[in-house]
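One structure is given here, and the rest of the page talks about it.
The values are calculated or read from the model by the stated rules, or taken from the named source; none is laboratory data. Predicted model only: the values in this text are computed from it and were never measured. All Cβ positions, glycine included, derive from the backbone under ideal geometry; neighbour counts span all protein chains shown. Areas reflect the complete protein model, heavy atoms only, side chains present, ligands, DNA and RNA absent. Shrake-Rupley method; radii C 1.70, N 1.55, O 1.52, S 1.80 Å.
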Amino acid sequence: MENQSSNKRLDFKLAGYPELAGRVAVVTGAARGMGACFATGLASQGVHVIGVDINEEELKAVFAKSADANGKTAGGGTLTAMRGDVTSSESLGGIAAAAAKQFGRLDMWISNAGVFPQSEIGSVTAEQVRQTFGVNVDGVFFGAQAAADVMQPGGVIVNMASVAAFRVRRGRAIYSATKAAVHNLTRSLAVELGDKGIRVNALAPGFIDTEMTNWVREIPGAMDKALASIPLGHIGAPEHVLGALLFLVSDSAAYVSGQTLGVDGGSRHG
Ligand code: NAI
């Protein structure tokens, strides 16, 4: 039976950041998991969110659950679905331009889309290497380029790294390498975009309960092994990471740039 402490413990209330209302955000990989939570969470703070995913059908379906036919949500923000592929700089450039045209501004770019292949070194294929770097690294870089092109001073970019950038495991060599690259890209982008008044930070989640990590529940003993390395003793939910994202995009983080913030229950040190 699954360990009780796999429960993600959602007994907390997220802070509100009223200054975010009316601002405009792009969230990649928004059809499910953390991206869907970020998109709806930002919209509930009054943000106009353009969600991007290669899976347009799932994206539209998930947005339809939180918004009316015009994309308006209960929190006052809006949800707009756009098909896009983060491995293509043209695709992301088009989305940044469309966001700026539709709303007259672009304030936040959340590079969340990612893939998580797991294979031991001997069986990793060249195609897997290219695809993982393409989505997890190229996608972050192209996203920052597209955003910086249209953002005004005060703009914020948040990239998704992972605890895997700092802690390695068998079967995750390529994934860990891509997330370490995101950590370092974030530092470089913060340096290059600082004089445009754009802040760039990353989030490094630990074990978060999404479709990406469902496999853990299917392997006997895997959940207990994972929990043993989490000092807080339970796995995370997308809402835990949303709390950190809202802080990073808010004015409370106005002097925070070039940082990778762990949201991992302490597991980077576990
Ligand atoms: P997920 O697998 O549930 O969702 C990822 C989304 O990205 C999907 O909707 C997928 O269609 C989309 N996507 C994939 N390739 C794309 C492309 N080329 N263009 C546009 N969209 C694309 O993943 P989850 O768990 O929500 O993770 C989100 C991010 O957080 C990823 O970058 C992941 O590496 C990272 N992360 C996840 C952790 C976890 O425990 N779930 C832990 C640490 C980091």
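Using the Cβ of Val86 as centre and a radius below 12 Å, the other residues enclosed give a net charge of -3, where K and R count +1 and D and E count -1.
Distances between every pair of Cα atoms in segment 1-101, grouped in 10 Å steps from 0 to the bin holding the largest one, split as 16, 42, 28, 11, 2, 0 percent. Report the Cα centroid-to-centroid distance between segment 74-102 and segment 233-270 in angstrom, as an integer. For segment 74-102 versus segment 233-270, the Cα centre distance is 24 Å. Contact order, relative form, for the chain: 20 percent (alpha carbon pairs under 8 Å, 6 or more residues apart, mean separation divided by residue count).
Across the chain the C-alpha pair distances fall into 10 Å bins from zero in the proportions 7, 31, 37, 20, 4, 0 percent. Using the alpha-carbon positions of segment 132-245, Rg (one decimal) and Dmax (whole number) come out as 15.9, 51 Å.
For the chain, the mean residue ellipticity at 222 nm estimated from helices alone is -11000 deg cm²/dmol, where every DSSP H run of n ≥ 4 contributes -39500 (n - 2.57) and the total is divided by all residues, rounded to the nearest 500. Hydrodynamic estimate: the Kirkwood radius of segment 137-178 over Cα pairs, inserted into Stokes-Einstein at 25 °C and 0.890 mPa s, corresponds to D of 204 µm²/s. Taking the Cα centre of the chain as origin and assigning +1 to Lys and Arg Cβ atoms and -1 to Asp and Glu Cβ atoms, the resulting dipole is close to 400 debye. Our summary gives segment 186-253 a relative contact order of 29 percent, counting only alpha carbon pairs under 8 angstrom and 6 or more residues apart.
Protection proxy ranking, highest mean first, for peptides 27-34, 152-159: 27-34, 152-159, where packing is the per-residue count of other beta-carbon atoms within 10 Å, averaged. Considering segment 52-155 at the alpha-carbon level, its Rg and Dmax are found to be 15.9, 51 Å.
Please give the net charge around Val52, taking every other residue with its beta carbon less than 9 angstrom from that of Val52, where Lys and Arg add +1 and Asp and Glu add -1. Around Val52, the surrounding residues sum to -1. Semi-axes of the equivalent ellipsoid of segment 150-207 are 27, 10, 7 Å, computed as sqrt(5λ) over the eigenvalues of the C-alpha gyration tensor in descending order. Positive contributions from Lys and Arg (+1) and negative ones from Asp and Glu (-1), summed over other residues with Cβ under 13 Å from the Cβ of Tyr175, come out at +4.
Taking every alpha-carbon pair in segment 227-270 and binning the separations at 5 Å intervals from zero gives 5, 21, 24, 20, 16, 10, 3, 0 percent. Within the assembled protein chains, the solvent-accessible surface assigned to Val62 is about 40 Å², based on a 1.4 Å probe. Segment 14-55 gives an Rg/Rh value of 0.99, both radii derived from C-alpha positions and Rh following Kirkwood.
Any idea what log10 I(q)/I(0) is at q = 0.17, 0.22, 0.25 Å⁻¹ for segment 112-162, Debye with uniform C-alpha scatterers and no solvent? So the normalised log intensities work out to -0.60, -0.82, -0.95.
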